[in-house]
1. Six or more apart or on different chains, Cβ under 6 Å: which pairs go from a residue in the stretch 79-92 that's at negative phi to one that's part of a loop (DSSP other than H, G, I, E, B) and exposed (fewer than 14 other Cβ atoms within 10 Å of the Cβ)? Could you list them?
2. Looking only at the stretch 169-211, which residues are within 23 Å of residue 152 (Cα to Cα) and either part of a loop (DSSP other than H, G, I, E, B) or free of Cβ contacts under 8 Å to residues at least 12 places away in the same chain (or both)?
3. Among the residues in the stretch 139-157, are any assigned to a loop (DSSP other than H, G, I, E, B), crowded, with 21+ Cβ neighbours inside 10 Å and at pLDDT 85 or above?
């Protein structure tokens with residue numbers, strides 16, 4: 001499970017914003033199954049009537065803002081003619097389509113990619129990464145940290161060369177539109193050896209320096225201007241979380 005540190009004012013603001021929205025990310029898979037089951041059963045009006053719950057309560061469940069009791073889940077499963085096992089856990093899915101979460105005026109669902117960015121020597125690239133899912137962020141928070149919503153991606157750090165800033169397995173948010181090098185910021189870079197994450201410094205002579213925060217074990221690497229042609233800036237890292 002991803003647990004995001006509140007080590008800065010921005011991350012605290014994200015936590016507060018999510019609380020204000022009332023969204024509980026851990027309930028989203030259930031909310032998607034519930035929404036799919038209710039839509040396949042003809043909509044929420046009949047479910048509200050037969051279940052004996054208010055529309056507001058059902059909306060909270062469908063919007064991942066609250067969790068029903070197991071008894072309520074069992075009743076909904078029966079009314080929607082789906083298995084309790086699937087509705088509660090996601091196992092043995094029925095032949096119905098689960099809706100895709102869509103961005104709204106308040107929330108952005110940032111794609112989580114199955115790709116590691118090496119804080120070390122380079123994570124090997126293969127085929128384009130699969131999308132593991134999405135992670136919700138308040139649109140206001142993304143604006144606050146300077147990220148354009150539809151350019152945001154979540155990747156995972158591999159290695160320890162960027163410690164103490166970035167740790168192995170940390171999720172990082174990358175804006176793939178921010179490819180112009182600004183002195184001292186952290187970027188994800190595509191190299192011939194794979195994806196890496198480093199601080200980048202552009203020098204007067206056209207060379208660039210790749211800087212690791214873990215300087216004791218990973219010295220900086222200076223690349224001449226011709227050698228920089230082998231690099232591609234994927235995007236700038238604007239935010240990171242922490243796995244525990």
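1. Cβ pairs passing all conditions: 85/91; 85/92; 86/92.
2. Scanning the stretch 169-211 gives 169, 170, 176, 177, 178, 179, 180, 181, 182, 183, 184, 185.
3. Yes: one or more hits.
The values are calculated or read from the model by the stated rules, or taken from the named source; none is laboratory data. In this text, all values refer to a predicted model and were calculated from it rather than measured experimentally. Methodologically, a virtual Cβ is constructed for each residue, glycine included, from the backbone with ideal geometry; neighbour enumeration extends over all protein chains shown.
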